[in-house]
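*Asks:* Dropping a structure here in C-alpha coordinates format, bear with me for questions.
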Amino acid sequence: MSSGKYGSSTVARDLSDWGRPLARFVASRLKEKNISVLMVTNTHLLISILSAVLIIDSNVVEGCLLLVVKGVVDAVDGELARIRKRPSHVGRYWDTIADTIGLGFVMYAFGLHLGWGILYTAGVVLAVLLQYSLFNHFSVRMRSLGEEDSVSRIDEETRPIAKPWEKQSHVDFLHMVYLVGFSWQDRLVSSITGKRRSEVSFELTVSSLLGYGFQSLIVLLLGLTDNLEALADLILYGNSSVAFLVVVSSHFQWKARST
(Lines give C-alpha, C1' and ligand atoms only; values in the text may rest on other atoms or scores of the structure.)
Protein backbone atom coordinates (compact mmCIF):
# COMPACT_ATOMS: atom_id res chain seq x y z
CA MET A 1 0.00 0.00 0.00
CA SER A 2 1.32 3.39 -1.01
CA SER A 3 -0.19 6.68 0.05
CA GLY A 4 0.58 10.26 1.01
CA LYS A 5 1.55 8.75 4.32
CA TYR A 6 4.95 8.04 2.76
CA GLY A 7 5.31 11.17 0.66
CA SER A 8 5.42 11.12 -3.13
CA SER A 9 7.12 7.73 -3.33
CA THR A 10 5.30 5.26 -5.57
CA VAL A 11 7.82 2.57 -4.72
CA ALA A 12 7.26 2.17 -0.99
CA ARG A 13 4.83 -0.59 -0.11
CA ASP A 14 3.76 -1.21 3.47
CA LEU A 15 2.72 -4.87 3.31
CA SER A 16 1.52 -4.76 6.91
CA ASP A 17 -0.90 -1.94 6.16
CA TRP A 18 -3.42 -4.06 4.27
CA GLY A 19 -6.13 -3.35 6.87
CA ARG A 20 -5.79 0.44 6.66
CA PRO A 21 -8.77 1.05 4.29
CA LEU A 22 -11.08 -0.89 6.62
CA ALA A 23 -9.63 0.88 9.67
CA ARG A 24 -10.16 4.24 7.97
CA PHE A 25 -13.77 3.30 7.23
CA VAL A 26 -14.41 2.30 10.85
CA ALA A 27 -12.69 5.44 12.13
CA SER A 28 -14.88 7.61 9.90
CA ARG A 29 -17.95 6.02 11.49
CA LEU A 30 -16.58 6.65 14.97
CA LYS A 31 -15.56 10.27 14.34
CA GLU A 32 -18.69 11.80 15.87
CA LYS A 33 -19.22 9.05 18.45
CA ASN A 34 -18.38 9.39 22.13
CA ILE A 35 -15.54 6.89 21.77
CA SER A 36 -12.01 8.00 22.55
CA VAL A 37 -8.85 6.89 20.80
CA LEU A 38 -7.67 5.31 24.06
CA MET A 39 -10.87 3.25 24.21
CA VAL A 40 -10.00 1.81 20.82
CA THR A 41 -6.44 1.06 21.98
CA ASN A 42 -7.81 -0.67 25.09
CA THR A 43 -10.12 -2.68 22.85
CA HIS A 44 -7.29 -4.13 20.79
CA LEU A 45 -5.45 -4.97 24.02
CA LEU A 46 -8.52 -6.87 25.24
CA ILE A 47 -8.73 -8.66 21.87
CA SER A 48 -5.11 -9.82 22.31
CA ILE A 49 -5.89 -11.11 25.81
CA LEU A 50 -9.00 -12.93 24.55
CA SER A 51 -6.92 -14.43 21.74
CA ALA A 52 -4.43 -15.72 24.32
CA VAL A 53 -7.25 -17.29 26.35
CA LEU A 54 -8.59 -19.05 23.27
CA ILE A 55 -5.15 -20.40 22.36
CA ILE A 56 -4.60 -21.69 25.91
CA ASP A 57 -8.00 -23.41 25.69
CA SER A 58 -6.84 -25.06 22.41
CA ASN A 59 -9.17 -22.94 20.26
CA VAL A 60 -6.12 -22.06 18.21
CA VAL A 61 -7.67 -21.11 14.87
CA GLU A 62 -10.18 -18.83 16.59
CA GLY A 63 -7.37 -17.25 18.58
CA CYS A 64 -5.28 -16.69 15.45
CA LEU A 65 -8.27 -15.18 13.66
CA LEU A 66 -8.70 -12.71 16.51
CA LEU A 67 -5.06 -11.66 16.06
CA VAL A 68 -5.92 -10.59 12.51
CA VAL A 69 -8.95 -8.67 13.80
CA LYS A 70 -6.71 -7.05 16.39
CA GLY A 71 -4.43 -5.80 13.63
CA VAL A 72 -7.31 -3.93 11.99
CA VAL A 73 -8.55 -2.47 15.29
CA ASP A 74 -4.96 -1.47 16.08
CA ALA A 75 -4.99 0.78 13.01
CA VAL A 76 -8.33 2.36 13.92
CA ASP A 77 -6.97 4.38 16.85
CA GLY A 78 -4.36 6.11 14.70
CA GLU A 79 -6.87 6.79 11.93
CA LEU A 80 -9.36 8.16 14.44
CA ALA A 81 -6.74 10.54 15.84
CA ARG A 82 -5.92 11.72 12.31
CA ILE A 83 -9.55 12.22 11.30
CA ARG A 84 -10.21 14.22 14.47
CA LYS A 85 -6.88 16.03 13.98
CA ARG A 86 -5.86 15.22 17.53
CA PRO A 87 -2.49 13.45 17.50
CA SER A 88 -1.52 12.40 21.01
CA HIS A 89 1.74 11.55 22.73
CA VAL A 90 -0.27 9.66 25.35
CA GLY A 91 -1.93 7.63 22.60
CA ARG A 92 1.37 6.99 20.85
CA TYR A 93 3.09 5.69 23.98
CA TRP A 94 0.12 3.75 25.32
CA ASP A 95 -0.42 2.09 21.94
CA THR A 96 3.15 0.75 22.03
CA ILE A 97 2.82 -0.36 25.65
CA ALA A 98 -0.56 -2.01 25.01
CA ASP A 99 0.82 -3.81 21.95
CA THR A 100 3.68 -5.18 24.05
CA ILE A 101 1.40 -6.33 26.87
CA GLY A 102 -0.81 -8.06 24.32
CA LEU A 103 2.22 -9.64 22.66
CA GLY A 104 3.34 -10.99 26.02
CA PHE A 105 -0.03 -12.64 26.66
CA VAL A 106 -0.23 -14.13 23.16
CA MET A 107 3.32 -15.49 23.14
CA TYR A 108 2.83 -16.93 26.62
CA ALA A 109 -0.26 -18.71 25.27
CA PHE A 110 1.63 -20.02 22.24
CA GLY A 111 4.42 -21.11 24.58
CA LEU A 112 2.00 -23.17 26.66
CA HIS A 113 0.35 -24.63 23.58
CA LEU A 114 3.64 -25.54 21.89
CA GLY A 115 5.57 -26.58 24.99
CA TRP A 116 8.11 -23.73 25.03
CA GLY A 117 10.01 -23.03 28.22
CA ILE A 118 9.78 -19.62 29.91
CA LEU A 119 13.24 -18.52 28.76
CA TYR A 120 12.58 -19.67 25.21
CA THR A 121 9.27 -17.78 25.19
CA ALA A 122 11.04 -14.67 26.50
CA GLY A 123 13.60 -14.99 23.69
CA VAL A 124 10.84 -15.18 21.09
CA VAL A 125 9.13 -12.10 22.56
CA LEU A 126 12.43 -10.20 22.49
CA ALA A 127 13.03 -11.16 18.85
CA VAL A 128 9.54 -9.98 17.87
CA LEU A 129 9.99 -6.65 19.67
CA LEU A 130 13.27 -5.99 17.87
CA GLN A 131 11.71 -6.91 14.52
CA TYR A 132 8.80 -4.54 15.16
CA SER A 133 11.28 -1.80 16.14
CA LEU A 134 13.18 -2.25 12.88
CA PHE A 135 10.01 -1.88 10.84
CA ASN A 136 8.91 1.12 12.92
CA HIS A 137 12.30 2.78 12.38
CA PHE A 138 11.91 2.83 8.59
CA SER A 139 8.20 3.59 8.79
CA VAL A 140 8.90 6.74 10.81
CA ARG A 141 11.70 7.76 8.45
CA MET A 142 9.42 7.39 5.42
CA ARG A 143 6.50 9.16 7.14
CA SER A 144 8.72 12.19 7.57
CA LEU A 145 8.49 12.57 3.78
CA GLY A 146 4.71 12.40 3.72
CA GLU A 147 1.80 13.47 5.88
CA GLU A 148 2.56 15.51 8.96
CA ASP A 149 3.24 13.34 11.98
CA SER A 150 3.93 15.33 15.13
CA VAL A 151 4.13 12.46 17.61
CA SER A 152 6.17 9.62 16.04
CA ARG A 153 9.93 9.97 16.46
CA ILE A 154 12.96 7.74 15.98
CA ASP A 155 14.62 9.19 19.07
CA GLU A 156 12.33 9.47 22.08
CA GLU A 157 14.98 10.66 24.56
CA THR A 158 13.58 14.19 24.73
CA ARG A 159 10.36 14.47 26.72
CA PRO A 160 7.64 15.90 24.44
CA ILE A 161 5.35 18.78 25.27
CA ALA A 162 1.75 17.68 25.75
CA LYS A 163 -0.83 18.62 23.16
CA PRO A 164 -3.56 21.01 24.36
CA TRP A 165 -5.99 18.10 24.69
CA GLU A 166 -3.79 15.91 26.91
CA LYS A 167 -2.19 16.33 30.32
CA GLN A 168 1.54 16.88 30.65
CA SER A 169 1.64 14.60 33.72
CA HIS A 170 0.21 11.73 31.64
CA VAL A 171 2.72 12.37 28.84
CA ASP A 172 5.59 12.52 31.35
CA PHE A 173 4.61 9.22 33.01
CA LEU A 174 4.13 7.27 29.78
CA HIS A 175 7.26 8.79 28.29
CA MET A 176 9.21 7.51 31.31
CA VAL A 177 7.69 4.04 30.89
CA TYR A 178 8.56 4.11 27.20
CA LEU A 179 12.16 5.13 27.89
CA VAL A 180 12.63 2.30 30.40
CA GLY A 181 10.96 -0.37 28.29
CA PHE A 182 11.57 0.57 24.69
CA SER A 183 14.16 3.30 24.10
CA TRP A 184 16.99 0.74 24.19
CA GLN A 185 15.39 -1.00 21.21
CA ASP A 186 15.19 2.26 19.27
CA ARG A 187 18.84 3.04 20.05
CA LEU A 188 19.97 -0.44 19.04
CA VAL A 189 18.09 -0.36 15.74
CA SER A 190 19.26 3.18 15.02
CA SER A 191 22.87 2.21 15.71
CA ILE A 192 22.91 -0.68 13.23
CA THR A 193 21.05 0.95 10.33
CA GLY A 194 22.51 3.29 7.72
CA LYS A 195 21.66 7.00 7.87
CA ARG A 196 23.17 8.40 4.67
CA ARG A 197 20.00 8.64 2.64
CA SER A 198 16.37 9.53 3.23
CA GLU A 199 15.01 7.31 0.42
CA VAL A 200 14.43 4.02 2.21
CA SER A 201 11.52 2.64 0.16
CA PHE A 202 13.18 -0.76 -0.25
CA GLU A 203 13.94 -1.04 3.46
CA LEU A 204 10.39 -0.02 4.37
CA THR A 205 8.83 -2.52 1.98
CA VAL A 206 10.98 -5.45 3.08
CA SER A 207 10.83 -4.61 6.80
CA SER A 208 7.02 -4.36 6.56
CA LEU A 209 7.11 -8.16 6.25
CA LEU A 210 8.02 -8.00 9.95
CA GLY A 211 5.10 -5.74 10.86
CA TYR A 212 2.16 -7.00 12.89
CA GLY A 213 -0.32 -6.83 10.01
CA PHE A 214 1.66 -9.18 7.76
CA GLN A 215 2.83 -11.43 10.59
CA SER A 216 -0.72 -11.95 11.88
CA LEU A 217 -1.74 -13.28 8.46
CA ILE A 218 1.17 -15.75 8.50
CA VAL A 219 0.24 -16.89 12.02
CA LEU A 220 -3.36 -17.42 10.91
CA LEU A 221 -2.14 -19.46 7.93
CA LEU A 222 0.01 -21.59 10.25
CA GLY A 223 -3.00 -22.12 12.49
CA LEU A 224 -5.32 -23.06 9.63
CA THR A 225 -2.80 -25.56 8.24
CA ASP A 226 -1.94 -26.99 11.68
CA ASN A 227 1.70 -25.89 11.35
CA LEU A 228 2.07 -23.65 14.38
CA GLU A 229 5.11 -25.62 15.50
CA ALA A 230 6.97 -23.66 12.81
CA LEU A 231 6.15 -20.34 14.52
CA ALA A 232 9.35 -20.09 16.56
CA ASP A 233 11.54 -20.94 13.55
CA LEU A 234 9.72 -18.30 11.51
CA ILE A 235 10.39 -15.63 14.14
CA LEU A 236 13.92 -16.60 15.15
CA TYR A 237 15.30 -17.56 11.74
CA GLY A 238 13.04 -16.50 8.87
CA ASN A 239 12.25 -13.04 10.19
CA SER A 240 15.81 -12.55 11.42
CA SER A 241 17.07 -13.20 7.89
CA VAL A 242 14.70 -10.52 6.57
CA ALA A 243 15.93 -8.12 9.26
CA PHE A 244 19.55 -8.83 8.33
CA LEU A 245 18.82 -8.06 4.66
CA VAL A 246 17.17 -4.75 5.61
CA VAL A 247 20.04 -3.66 7.84
CA VAL A 248 22.69 -4.51 5.23
CA SER A 249 20.74 -2.73 2.48
CA SER A 250 20.38 0.41 4.59
CA HIS A 251 24.17 0.92 4.48
CA PHE A 252 24.37 1.12 0.68
CA GLN A 253 23.84 4.23 -1.41
CA TRP A 254 21.22 3.53 -4.04
CA LYS A 255 17.99 5.15 -5.04
CA ALA A 256 14.87 3.32 -6.02
CA ARG A 257 13.20 4.62 -9.17
CA SER A 258 9.73 6.06 -8.89
CA THR A 259 7.23 5.29 -11.60
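*Asks:* State all residues of region 203-249 that are within 25 Å of GLU62 (Cα to Cα) and among the acidic types (Asp, Glu); if no residue qualifies, say none.
*Replies:* Of the residues in region 203-249, the ones within 25 Å of GLU62 (Cα to Cα) are 208-236, 238-239.
Once the filter is applied, which keeps residues that are within 25 Å of GLU62 (Cα to Cα) and among the acidic types (Asp, Glu), region 203-249 yields ASP226, GLU229, ASP233.
*Asks:* Within region 94-125, work out how many residues are free of Cβ contacts under 8 Å to residues at least 40 places away in the same chain and outside any helix (DSSP H, G or I). Break it down into steps so the answer makes sense when it comes.
*Replies:* We begin by selecting, within region 94-125, every residue free of Cβ contacts under 8 Å to residues at least 40 places away in the same chain; these are 104, 107, 111, 115, 117-119, 121-122, 125.
Remaining after also requiring outside any helix (DSSP H, G or I): 115, 117.
Residues meeting the conditions: 2.
*Asks:* When both residues are 6+ apart or on different chains and their Cβ atoms are under 6 Å apart, which pairs have a first residue that lies in region 51-74 and is in contact (Cβ under 8 Å) with a residue 24 or more places away in the chain, and a second that is in a helix (DSSP H, G or I) and of a type in the set (Phe, Trp, Tyr)?
*Replies:* From region 51-74, the pairs are ALA52/PHE105; GLY71/TYR212.
*Asks:* I'd like to check which helices (runs of 4 or more DSSP H) are fully inside region 126-231 and have at least 3 residues that are surrounded by fewer than 16 Cβ atoms within 10 Å (Cβ to Cβ) and at pLDDT 95 or above.
*Replies:* Numbers: elements: 168-181, 183-192, 201-207, 212-224.
Answer list for region 126-231: 168-181.
*Asks:* Of the residues VAL53, VAL40, VAL73, which is more than 29 Å from PRO164 (Cβ to Cβ) and modelled with pLDDT of 95 or more? Even if it seems obvious, please write down each step before you answer.
*Replies:* Details: VAL40 fails: more than 29 Å from PRO164 (Cβ to Cβ); VAL73 fails: more than 29 Å from PRO164 (Cβ to Cβ).
After applying the criteria, what remains is VAL53.
*Asks:* Being within 15 Å of the chain's Cα centre (by Cα) and of a type outside the set (Asp, Glu) narrows it down to one of ALA81, ALA98, ALA27, ALA52, so name that one. Even if it seems obvious, please write down each step before you answer.
*Replies:* Working: ALA81 fails: within 15 Å of the chain's Cα centre (by Cα); ALA27 fails: within 15 Å of the chain's Cα centre (by Cα); ALA52 fails: within 15 Å of the chain's Cα centre (by Cα).
Selected residue: ALA98, the only one of ALA81, ALA98, ALA27, ALA52 that is within 15 Å of the chain's Cα centre (by Cα) and of a type outside the set (Asp, Glu).
*Asks:* Mind checking whether some residue in region 92-115 is crowded, with 17+ Cβ neighbours inside 10 Å, of a type in the set (Lys, Arg) and modelled with pLDDT under 95?
*Replies:* Yes; the residues of region 92-115 include at least one that is crowded, with 17+ Cβ neighbours inside 10 Å, of a type in the set (Lys, Arg) and modelled with pLDDT under 95.
*Asks:* Hey, could you check region 7-59 for residues that are surrounded by fewer than 20 Cβ atoms within 10 Å (Cβ to Cβ) and touching a His at 6+ places or on another chain (Cβ under 8 Å) and say which is farthest from MET107 (Cα to Cα)?
*Replies:* My answer is SER58.
*Asks:* Separate question: Restricting the search to region 219-228, which residues are in contact (Cβ under 8 Å) with a residue 60 or more places away in the chain, more than 19 Å from the chain's Cα centre (by Cα) and more than 18 Å from VAL125 (Cβ to Cβ)?
*Replies:* As a first pass, look at region 219-228 and keep what is in contact (Cβ under 8 Å) with a residue 60 or more places away in the chain: 219-220, 222-224, 228.
Applying the additional criterion that residues be more than 19 Å from the chain's Cα centre (by Cα) yields 222-224, 228.
Correct list: GLY223, LEU224.
The values are calculated or read from the model by the stated rules, or taken from the named source; none is laboratory data. The structure presented is a predicted model; accordingly, all values stated were derived computationally and were not measured. Using ideal geometry, Cβ is built from the backbone for each residue, glycine included, and neighbour counts are taken over all protein chains shown.
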